[in-house]
Structure formats: C-alpha cells, structure tokens
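Working notes, beginning with the structure itself.
The values are calculated or read from the model by the stated rules, or taken from the named source; none is laboratory data. Note that the structure is predicted; figures quoted are calculated from it, not measured. We place every Cβ from the backbone using ideal geometry, glycine too, and count neighbours over all the protein chains shown. Heads up: the accessible areas ignore ligands, DNA and RNA and are worked out on the full protein's heavy atoms, side chains in. Shrake-Rupley method; radii C 1.70, N 1.55, O 1.52, S 1.80 Å.
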Amino acid sequence: MAEKEPSSSESVQPGAAPTVQTGLLPPSAGITAAVQERMSFSPLDFSSNKPVQPFPPSPKLQRQLAKNAQPSKEQLSRRMEELKAESCRTEVHIHSLKKRKADLTRTTDMMKQQVQEHFQNMQDILKQDELAVLDSLDLDLRQTRTRLDQLVKKWVQHQDHVTKSISMTQRALNRNEEDDREGQSEGLSPKRPDPSERTIRLNEDRFEKLLKTLSSMSRSLKVQLQRKTLQLDSSPAAIERQTCHSQIVVTSKGRRLFFTGSARLGPEHPLQFDKVCCALGSSPITAGQRYLEVDVRCCSAWAVGVAYSSLKRKGRDKDAKLGRNRNSWCVELRNKNLSAWHNDRNVACGGVGAGPVGRVGVWVDYEKGELMFYDADTMNVLQMFSAAVAPLFDRVHHHFTEPLYPAIRFLRPPENQVWPNHLEFSQFTSA
C-alpha cells in the first residue's frame with residue numbers, strides 16, 4: 001500500500017527541514033519582481049561605492065560634464081583652428097574699420113574743399129562786383145573833379161584879370177592920372193557864380209541807392225544761407241489723414257490742407273480730432289535735427305507747432321488744443337496778434353516785421369530739447385523753447401520724452417474777417 005503524503009495541516013517534526021514548494025515565491029519576492037519587471041528598473045546595489053544615478057543626466061548637466069572633461073588632442077586642434085580663423089576675421093574687420101576711418105577723413109576733406117571752392121567762387125563774384133562798384137565811384141569822382149577843375153581854371157583867369165586891373169589902377173593912382181586911357185580901357189565887370197556850379201558834386205543819390213541795394217543783398221544772402229542750412233535737416237512733411245478733423249480736406253500728397261466748413265461723411269477714426277479743428281503730421285521726429293515750413297499766407301487765423309502723439313483727440317478742452325497742455329508747442333495768429341504757447345502759457349512773439357508772417361519755420365533739435373519758430377521769409381526768431389532758456393515756461397517739459405509730430409490748427413477769426421482757407425507744408429528743392 002502506498003504511503004499517504006502528509007497534509008499541510010500536519011505538524012512538522014522538530015528539527016526537520018521546512019518543505020519548499022517548487023514554483024511558488026514568497027510574497028515579498030513576488031512583489032519586488034513584479035515592480036522590477038513593470039518599471040524596468042535595475043535593483044540598487046547598496047554594497048557598491050559608486051554614486052547612484054537612477055535617472056539619465058540632464059542636458060545642462062551633460063554640457064557641464066563635457067565642459068569639465070579634459071578635451072582631447074583632436075578637440076584642441078579643432079579649437080585652435082577656429083580661434084586662428086576668428087583671429088584672421090577680426091584682423092580683417094579691424095583693418096576694414098580703420099580703412100573706413102581714413103576714408104571718412106579723406107571724404108570730409110574733399111567735401112570741405114568743394115565747399116571752400118563754392119564760397120571762393122562767391123567771394124570772387126563779390127570781389128568783382130566790389131571792384132566794379134569802386135571803379136564806378138572813381139569814375140564819378142574823376143568826372144566831378146574834371147568839371148570842378150574847369151571851373152577853378154575859369155575863376156583863376158578871372159582872378160588874374162582882377163589882379164591885373166588892381167595893378168593898373170594902382171599905377172594910375174600913383175601918377176594921379178585919373179583920365180589915363182589905359183586904366184579906363186581895362187574896365188572889369190564883377191563875375192558871379194554860375195548856378196550850375198551847385199550841381200557839380202558826387203552822385204550822392206546814386207550812392208544812397210547803392211548802399212540800400214548792398215544792404216538788401218546782404219540781408220537776403222544771410223537769410224538764404226541760414227534757410228538753406230536749416231533745409232539740410234528737412235524732410236518731406238505730410239498730414240496723417242486719420243487725425244484730421246472732419247472739416248479738413250487734405251490733397252493727395254498730404255501737403256495742403258483746406259477748411260471746408262462742412263463735415264465729411266464717414267465713420268470717426270479713433271485718432272481723429274472730433275471737436276478741435278486740428279491735424280497731425282505723419283512722420284514723427286524721434287532723434288537728431290529736423291526743419292519744416294508751413295505756408296500760412298492764405299489763412300487769417302492759425303496755429304502751427306509740434307505735439308506728442310498722446311495729445312488728446314476727443315473733446316474741446318485744453319488737453320486737445322495746441323499749446324494749451326504739456327504735450328504740444330505752437331505759435332498762433334489770432335486777431336492779428338502772433339503769440340507762442342506751451343503748457344497753457346503764452347508770450348508775444350518777437351522778431352515780427354511790419355508785414356504779416358507768410359511762412360512759419362519750425363526747427364527741432366530733439367536731443368538738446370530745443371524748439372525754434374522762425375519767420376521763414378526773414379529768418380527772424382519768433383520764439384525759442386529750450387531747457388536752458390525758458391524763464392516763462394516750465395523747463396522740465398523741454399526735454400522731449402515722446403516722438404514729436406508736426407501739428408496745425410485752423411482757428412476761428414473775428415466776424416469781420418473771412419474764414420481761413422488753407423495751409424500748406426513747403427516743399428524744398430535742391431536748387
């Protein structure tokens with residue numbers, strides 16, 4: 001009879017080895033194996049002295065390790081070639097910059113020579129004109145002196161006759177011969193100055209006209225040179241149509257503005273002035289120097305100036321009017337009075353001639369914070385705004401902090417004057 005296998009409930013004899021069932025694992029071993037299989041992790045070897053790194057190093061750490069690693073000879077050679085190439089490129093660039101520096105000096109010298117030649121030509125022309133005028137004065141002097149010499153000669157002859165008569169009369173008196181025929185025969189009538197003698201003089205009227213002409217030429221030349229110099233910093237100016245009040249019409253090129261008196265139809269733009277009859281230019285002034293002119297001859301009441309883009313566009317309070325806030329500067333003609341405005345303060349403009357201003361020149365030096373208004377026909381300064389010279393205005397606002405835009409405004413004239421017609425930005429030519 002076969003032996004009966006002991007059941008699991010039977011007790012184990014003391015000292016006997018425990019029975020191991022094949023194919024079965026302890027609970028803890030089974031869990032560890034499942035986790036390792038599921039996570040694909042290698043078991044940690046705590047008996048090893050190497051640092052444990054369960055995750056791959058980050059790209060940053062890899063770059064740091066590569067940087068700290070000792071470069072190979074091949075890497076050093078490649079690096080040396082790169083540095084030599086960079087050194088060659090740098091040397092070539094430095095040579096190019098030095099050449100440009102030398103070229104700048106030569107170019108400036110050529111430009112100076114050309115300018116000197118032009119001014120020398122003008123000086124030669126002026127010198128020739130000066131010599132011609134001086135020659136005309138010498139000719140006038142010679143002609144006048146010749147006529148005076150002829151008169152002196154006639155009077156000397158008359159003096160000789162008088163002297164001769166005196167001598168003869170004296171001899172007669174000495175001989176006491178009152179009836180001496182010789183003395184009676186030398187009767188001499190008195191000589192009176194000819195009225196034509198008074199007209200013998202230098203042509204003073206011509207000289208006065210000459211002085212006036214030369215003075216006018218000098219003033220005109222000074223104005224032209226100053227204006228041409230400022231025009232070197234000019235650029236085409238035009239109006240941004242989106243800013244125009246609804247009663248302002250702009251020509252196709254954007255240089256001429258007309259006041260129509262009736263609002264145009266269409267939706268209102270966010271940048272448009274809705275109450276103040278104003279408009280801004282399209283080209284901002286952000287650096288350097290800039291000059292522009294506005295022809296105001298066909299307008300009886302106007303304001304011309306510059307403004308920040310932050311100038312208020314809606315409403316009719318001071319924040320939307322040129323010169324009545326810290327965001328704008330202008331000169332304006334109202335009731336035939338010309339005044340300069342900024343930050344709601346004003347002063348009468350100087351340098352105004354007998355006639356009305358025909359063109360207003362506006363010059364900006366952005367870095368220096370300077371703004372000057374000119375009578376462009378005479379180049380007289382109407383008003384200067386500057387951080388250095390501005391006792392009436394708030395100096396702190398003469399350091400420009402935003403881009404400046406050309407600005408114009410049509411003002412309502414008195415009832416006895418016609419409503420203003422148009423304003424126009426001047427276009428400069430190279431002539």
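Residue order by solvent-accessible surface for Glu130, Glu91 is Glu91, Glu130, largest first, with ligands and nucleic acids left out and a 1.4 Å probe. Protection proxy ranking for 334-341, 319-326, using the average of other Cβ atoms within 10 Å per residue and placing the highest first: 319-326, 334-341.
Among the protein heavy atoms, those of Met80 account for about 100 Å² of accessible surface (1.4 Å probe, every chain in place). Using a Förster distance of 45 angstrom, determine the FRET efficiency expected from the C-beta separation of Met217 and Trp419, and round it to 0.05. Efficiency at R0 = 45 Å is approximately 0.70. Taken along the Cα-to-beta-carbon direction at a fixed 7 Å, the label points for Thr105 and Thr144 span 5.7 nm. If I model a spin label as a point 7 Å beyond the Cα along the Cα-Cβ vector, how far apart are those points for Arg198 and Ser262 in nm? Once both label points are built, they end up 7.1 nm from each other.
Using heavy atoms of the protein chains and a probe of 1.4 Å, the accessible area assigned to Ile166 is about 110 Å².
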